[in-house]
Amino acid sequence: MYDNQFTIQLILLVVALLCVPIMLIPKPFIARRQHNQRMRQLAVSRQLLETQVRPECLSTCVDLLVSEFDPQCQLACCGKLMI
């Protein structure tokens, strides 16, 4: 052991213990923001579908949107091509 090793180890331990809550506290807020953004996008997509798709096909088209296809892909929905 060298001089002040215990002090340095104690400081590093305290820093490590403080980092855990600092990293974990924002996680639920970030997850909620991402969820809210996704729900907003889904609501906008649903509004667009309601104006462009026959009513009997609407639930099928919404299910396709919810299943997270690549946004660059085009979805064929009830005979209409959606981007």
Q: Compute the length gained on full extension between residue 17 and residue 42: take 0.36 nm times their separation in residues and subtract their Cα-Cα distance, giving the result in nm to one decimal.
A: 5.0 nm
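With a Förster radius of 35 Å, plug the Cβ-Cβ distance of residue 2 and residue 27 into 1/(1 + (r/R0)^6) and report the FRET value to the nearest 0.05. Numbers along the way, then the final one.
Values: r = 38 Å, r/R0 = 1.08.
The calculated FRET efficiency here is 0.40.
Read the figures in this text as sums done on the coordinates, not as results from a lab. Owing to the predicted nature of the structure, the values given are computational and were not obtained by experimental measurement. For neighbour counting, all protein chains shown are included, and Cβ atoms are generated from backbone atoms with ideal geometry for every residue, glycine included.
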